[in-house]
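Presented below is the structure to which this report refers.
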Amino acid sequence: MAPSDDDDSPVRVREGSPLSVDEKRAMIRELDRAVRYGAPGVETSTWSTFPGCSVTFALAEHERIEVHIAYRESDLPGPVTVPSVEGDASSLVAQGAPPTPFIQLSAAHGTLYEDLTDAAGRAVDPYAVTVPDSPAAQTATDGVVTFVATLELLTGQSSAERRTFEWG
C-alpha cells in the first residue's frame, strides 16, 4: 500500500485545528507502526495540541485504539464534569455525571478531534475505525483532566487481515 503522499486524498488539517499537516502525518506514521507491530498497551508519542493539552494513542484489546487527551486544569477553556477526581481539583472541575465531552469545549476542540480520528483511520487504511461522538472526561488527577475515546478497527468483509500503509 502506498503512503498517504501518493494517496488520492492527501493529508490535510481542518481549519481551526491546532495540528499542522506534518504533525498529522507523523501521527499517522507512528500509529501505523504501532498497529502493525505493537500489542495492546503500546502507546504512541505524545503530541501537544492546544496550550496545556496533549494527545496520545494507545493500542487496546480487541482491535481498538484509544485516544487519550490530557488537559491541564489551569488551561481548560471552561468548566468540566468528570466521574472521578483524585486530589484537589480546580474550580473548573466538578465530580459528577455525565462526563463532559471534549468536543463541547469549543468548535476548535471538535475540529481537533476530527483530525485525530482521521489520522487513526488513515493509519489503518483501507479499512476504517468506528468513531464515538467525543472523548469523555474520565478523571482529574494531579491537575490534569483526561479525556478518553475508544475507536474500533473495522477490517472489512474481504479479509480478516488488517492492512496498513507501507512507509518504506
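At most 13 other Cβ atoms within 10 Å and a DSSP loop assignment: could you name the GluC sites (Glu not before Pro) in region 46-85 that fit?
For GluC sites (Glu not before Pro) across region 46-85 that sit outside H, G, I, E and B with at most 13 neighbouring Cβ atoms in 10 Å, the list reads Glu61.
Work out from phi, with θ = phi - 60° and the Karplus expression 6.51 cos²θ - 1.76 cosθ + 1.60, the ³J(HN,Hα) of each residue of region 20-25, listed in order in whole Hz, and give x for Gly and Pro.
Values per residue, Gly and Pro as x: 9, 4, 4, 5, 5, 4 Hz.
From the Cα trace of region 63-140, what convex hull volume per residue do you get, rounded to a whole Å³?
98 Å³
Between Asp22 and Val85, 0.36 nm times their residue separation minus their Cα-Cα distance comes to what?
19.1 nm
Which order do the peptides 81-90, 95-104 take when ranked by the mean count of other beta-carbon atoms within 10 Å per residue, highest first?
Ranked by mean Cβ neighbours within 10 Å, highest first: 95-104, 81-90.
Given a cut-off of under 8 Å on Cα pairs at least six residues apart, what relative contact order in percent is computed for region 73-148?
36 percent
If we sort 107-120, 17-30 on the protection proxy, mean other Cβ atoms within 10 Å, highest first, what's the order?
107-120, 17-30
Probe of 1.4 angstrom, ligands and nucleic acids ignored: what's the accessible area per residue over region 92-138, in square angstrom?
Accessible area per residue: 39 Å².
Name the residues whose placed amide hydrogens come within less than 5 Å of the amide hydrogen of Gln95, ignoring near sequence neighbours (fewer than 5 apart) on the same chain.
For Gln95, the qualifying residues are Val82.
The values are calculated or read from the model by the stated rules, or taken from the named source; none is laboratory data. Because the structure is predicted, anything quoted here is derived from the model rather than measured. With ideal geometry, Cβ positions are generated from the backbone for all residues, glycine too; neighbour counts draw on all protein chains shown. Ligands, DNA and RNA are excluded from the accessible area calculation, which covers all protein heavy atoms including side chains. Shrake-Rupley method; radii C 1.70, N 1.55, O 1.52, S 1.80 Å.
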